[in-house]
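The values are calculated or read from the model by the stated rules, or taken from the named source; none is laboratory data. The model shown is predicted, which means the values in this text are computed figures rather than measured ones. Cβ atoms come from the backbone with ideal geometry, glycine included; neighbour counts cover every protein chain shown. To get the accessible areas, we keep the full protein, side chains included, count just its heavy atoms, and leave off ligands, DNA and RNA. Shrake-Rupley method; radii C 1.70, N 1.55, O 1.52, S 1.80 Å.
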Amino acid sequence: MTRPYRSVLYIPASRARAMEKAKTLPIDAIIFDLEDAVAVDEKANARALLQETLVTGGFGNRAQIVRINGFDTDWGADDLATIAAAKPQAVLLPKVNGAADIEALAALLDTNPDTAETQIWAMMETPEGILNAAQIAAAPRMAGFVMGTNDLAKDLNARTREAMLTSLQLCLLAARAHGLVCIDGVYNAFRDEEGLAQECAQGRDFGFDGKTLIHPAQIATANAIFAPSADEIDLARRQIEAFELAEARGEGVAVVDGKIVENLHVETARATLAKANAIAATEAA
């Protein structure tokens with residue numbers, strides 16, 4: 001899993017100019033939103049516009065994820081039917097409560113040749129969904145979790161991010177157990193650069209792959225914090241080199257900067273370099 005997902009920007013599918021601008025933004029992924037960001041009377045126009053936009057393309061290496069409305073609404077089925085012709089890379093299902101929700105979507109994708117390669121992502125934003133995270137992660141076509149921290153906070157009656165740490169960690173555990181991408185929730189105060197940086201750093205240290213964003217002004221911060229630093233890249237290279245030299249001597253461990261380096265550290269170091277290389281390739285494209 002080397003494709004970077006440092007910055008994942010929500011874009012309302014009803015806004016043609018915003019979707020066009022996204023082709024020029026230094027983001028790793030886009031969530032084209034047909035759900036919360038689109039007013040009820042704009043739902044039909046938005047899905048038609050998005051279908052045309054996806055067919056036209058031009059988004060380069062940016063991962064493209066479509067958040068449809070839930071199938072318990074009046075719009076979910078029509079969303080999927082309309083965008084299917086565009087062969088979406090991934091469909092993001094909101095308010096997933098259990099594996100059955102994913103299985104139902106997967107069954108619909110299976111019936112349409114246009115969605116043969118479409119992956120499924122799940123919004124993890126309900127208490128029931130959090131408790132069923134491992135089962136959801138193991139469901140068909142699953143590729144990623146997106147934390148819906150605003151909805152989750154509402155359902156939990158939580159006033160702080162700290163109140164949601166168990167939920168965040170349960171989803172990370174499930175995602176890592178099943179090889180999924182896991183993206184942290186949004187930071188609502190998009191003009192608060194310091195607060196965003198702190199929350200990005202916390203999410204990175206927890207193990208998230210990146211951050212969902214609500215404004216282009218947040219992109220640079222997320223990209224910088226979720227990328228390996230120059231010091232981390234340098235350390236990774238030195239750990240690999242030292243361990244390979246130790247192996248050549250018939251030894252199972254090396255020492256770098258006064259710390260033991262074993263095979264598990266080398267695996268992490270190689271993952272760090274792979275991520276750095278993937279980011280460089282994305283930025284060069």
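Odds and ends about this structure:
- Solvent exposure ordering (accessible area, 1.4 Å, most first) of 176, 6, 15: 15, 176, 6
- Projecting the Cα atoms of 167, 253, 148 onto the charge dipole of the chain (Cβ charges, centred on the Cα centre) puts 253 farthest toward the positive pole.
- For the chain, the longest principal axis of the Cα atoms and the long axis of helix 230-248 meet at an angle of about 50 degrees.
- Within segment 99-157, the GluC sites (Glu not before Pro) that combine a DSSP coil assignment with at most 14 other C-beta atoms in a 10 angstrom radius are 117.
- Computed on protein heavy atoms with a 1.4 Å probe, the accessible areas place 272, 166 in the order 166, 272, largest first.
- Hz values of 3J(HN,Hα) by residue in segment 7-21 - Karplus curve (6.51, -1.76, 1.60), Gly and Pro given as x: 10, 10, 9, 6, 10, x, 6, 8, 10, 4, 5, 5, 5, 5, 4
- With DNA, RNA and ligands ignored, accessible area of residue 156 (1.4 Å probe; Å², nearest 10): 70 Å²
- Two-decimal ratio, segment 1-63, of alpha-carbon radius of gyration to 2.2 N^0.38 Å: 1.12
- Loop trypsin sites (Lys or Arg not before Pro), segment 113-167, which have at most 13 other Cβ atoms in a 10 Å radius of their Cβ (DSSP): 159
- Between residue 165 and residue 229, residue separation times 0.36 nm minus the direct Cα-Cα distance comes to 20.5 nm.
- With a Förster radius of 30 Å applied to the C-beta separation of residue 73 and residue 111, the computed FRET efficiency comes to 0.90.
- Heavy-atom accessible area with a 1.4 Å probe sorts 253, 55, 8, largest first, into 55, 253, 8.
- Once both labels are positioned 7 Å from their Cα atoms along Cα-to-Cβ, the gap between residue 39 and residue 3 label points is 3.4 nm.
- When every Cα-Cα distance of segment 77-168 is counted in 5 angstrom steps from zero, the calculated P(r) takes the values 3, 15, 25, 20, 15, 11, 7, 4, 1 percent.
- Whole-number Å³ per residue for the convex hull built on Cα positions in the chain: 147 Å³
- Partners for residue 95 among lysines (Cα-Cα distance below 29 Å; same-chain residues under 8 apart left out): 21, 23, 43, 87, 154, 211
- Segment 1-107: Rg to Rh, with Rh as the Kirkwood radius over Cα pairs: 0.95
- Loop-located trypsin sites (Lys or Arg not before Pro) in segment 187-270, at most 12 other Cβ atoms within 10 Å (DSSP): 191, 249
- Whole-Å distance, taken between Cα centres, linking segment 85-100 and segment 176-197: 20 Å
- Stokes-Einstein, applied to the Kirkwood radius of segment 162-285 over Cα pairs at a viscosity of 0.890 mPa s and 25 °C, places its translational diffusion at 150 µm² s⁻¹.
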